[in-house]
Amino acid sequence: MLFKLAWLLLCVLPLVALCAEDYYKLLGIEKNASDRELKKAYRTLSKKYHPDKNPGDESVNQKFVEIAEAYEALSEPETRKIYDQYGHEGLKQHKEGGHRQGGNPFDLFSRFFGGGGHFGQSGQRRGPNMEVRVAVPLRDFYNGAEHEIALEKQAICSSCEGSGSEDGKTDTCGKCKGHGMIIQKAQLAPGIFQQMQMQCDLCGGKGTTIQHKCKTCGGSRHVREVETFTVNIEKGMPKGARINYENEGDESPDYVAGDLIVQVVEKDPELGKGDEKHDRTDGTFFRRKGNDLFWREVLSLREAWLGDWTRNLTHLDGHTVQLSRKRGQVIQPNSVEVVKNEGMPIWRHEDGPEYGNLHVEYTVILPDQMDKNMEKDFWNTWDKWRRKSGVDLQKDAGRPAPAAAGSGHDEL
């Protein structure tokens, strides 16, 4: 009987261990991840699964607690070593042996982001927003793309967890008695005094002083760090679109971090800068207006007058748009041809992919000069056609008849 019970326990205990999700898998990092990668994973996931952003969803709330538990276990070298060797059961025995228990997940969150561990509480101070501008080529607005940007921002010092103290100890300010404000008297006239409340200059309004300042931040409680963000450019996104990254602004223990706002603008064309073949051809010179694209095609006089030509226009994604005229089809200078559904993708169209139009403006280049034989042949051809068609440029243009010789002066 005892043998059966022991055998049952041996079978059940591994199943219990499997129920607890692996901390590395939970945070989405490798087992050899650095402290920086660990912190970055926690920062991202804790904001995503914060209860204030997911009210009423118990599964998300539980995820938030598990993420905090995973980070606390892996952020300490001692507990990380125990977890790597013995897993969840080893950590459990470590805690039962009288070692430090897991803390409040909201306290951990507040050490990273400030603001008491919660988003959007009434009366809570909020930091300023950060705004940056990112320039991307028109090709990325057409095809969609992802860009990595690195920004230097203010972050809560992880060495002292935002306290500013090397040993974690702070003392009540002796000047303001912990209030952060002091009262100063100023004499305006004999027997007349004015009292002013001012921020304590000794503690900077904190109400506490530090004897042993943190060596990393020098007691300021925050440091400057470079953080990488992924900017997702959606197909057809309008120029000047603003992408909001909630609570990714400068951090401080005194307030909730504001938002990071990335404005996406169109980059000036750069010929020959792309890696792909079509990056160095037609796509460089498209112009955009709303959902439509504009292109200027240059024709010779012969092509405009006689037709019989074909051009392959390479689009922004590399596919070909064919422009052509049959023999005898005339194109007037500055005329515009509208090619349906070859413009920009319509951003977030409800009924699936939809595109604007491509407007092709034709510019006709006249020859600078003609040799005598060409001029004679051209004149004879034109004169023959004019006589046959009955076209009179002077009359058909609607201009007044020229004055007779000697009847007056010419108009300038």
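The values are calculated or read from the model by the stated rules, or taken from the named source; none is laboratory data. Quick caveat: nothing in here was measured; it's all calculated off a predicted structure. Because the Cβ atoms are built from the backbone with ideal geometry, glycine has one as well, and the counts that use them run over all protein chains shown.
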| query | Can you find even one residue in the range 176-186 that is over 28 Å from the mean Cα position of the chain (by Cα) and of a type in the set (D, E, K, R)? | reply | yes
| touching a Leu at 6+ places or on another chain (Cβ under 8 Å), at pLDDT below 90 and more than 30 Å from Thr44 (Cβ to Cβ) - does that describe any residue in the range 194-210? | yes
| message | Checking the conditions here, which among Gly290, Gly343 is in contact (Cβ under 8 Å) with a residue 24 or more places away in the chain, under 23 Å from Lys267 (Cβ atoms) and out of contact with any Asp or Glu (no Cβ under 9 Å at 6 or more places or on another chain)? | response | Gly290
| message | Against the conditions (1) surrounded by fewer than 19 Cβ atoms within 10 Å (Cβ to Cβ); (2) in contact with a strand residue (DSSP E or B) (Cβ under 9 Å, 6 or more places away or on another chain); (3) modelled with pLDDT under 85, where does Gly191 fall short? Just the number, please. | response | (2)
| Would you say Ile149 is aliphatic (A, V, I, L, M) and surrounded by fewer than 15 Cβ atoms within 10 Å (Cβ to Cβ)? | yes
| Conditions (1) closer than 20 Å to Glu266 by Cβ; (2) modelled with pLDDT under 95; (3) not hydroxyl-bearing (Ser, Thr, Tyr): number failed by Asn357 | (2)
| message | Of the residues Thr284, Thr320, Thr310, only one is among the β-branched types (Val, Ile, Thr) and either modelled with pLDDT under 90 or touching a Phe, Trp or Tyr at 6+ places or on another chain (Cβ under 7 Å) (or both); which? | response | Thr284
| message | Given the condition over 20 Å from Lys39 (Cα atoms), among the hydroxyl-bearing types (Ser, Thr, Tyr) and part of a loop (DSSP other than H, G, I, E, B), answer yes or no: does some residue in the range 204-223 qualify? | response | yes
| field | Selection from the range 233-278 of residues that are modelled with pLDDT under 90, in contact with a helix residue (DSSP H, G or I) (Cβ under 8 Å, 6 or more places away or on another chain) and not in a loop (DSSP other than H, G, I, E, B) | value | Tyr255, Val256
| message | Just checking: which of the helices (runs of 4 or more DSSP H) contained wholly in the range 1-111 hold 3 or more residues that are at pLDDT below 90? | response | 2-19, 35-48, 58-75, 77-96
| Residues (exposed (fewer than 10 other Cβ atoms within 10 Å of the Cβ) and assigned to a loop (DSSP other than H, G, I, E, B)) located in the range 368-396 | Asp368, Gln369, Asp371, Gly390, Asp392
| note | Gly180 vs (1) surrounded by fewer than 13 Cβ atoms within 10 Å (Cβ to Cβ); (2) in contact (Cβ under 8 Å) with a residue 24 or more places away in the chain: all pass except (1)
| Check on Lys177, among the basic types (Lys, Arg) and either in contact with a Leu (Cβ under 6 Å, 6 or more places away or on another chain) or assigned to a strand (DSSP E or B) (or both) | no
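Confirm whether Ala150 is free of Cβ contacts under 8 Å to residues at least 40 places away in the same chain and in a strand (DSSP E or B). Working first, answer last.
Values: free of Cβ contacts under 8 Å to residues at least 40 places away in the same chain: no; in a strand (DSSP E or B): yes.
Taking the combined requirement at face value, the residue does not satisfy it.
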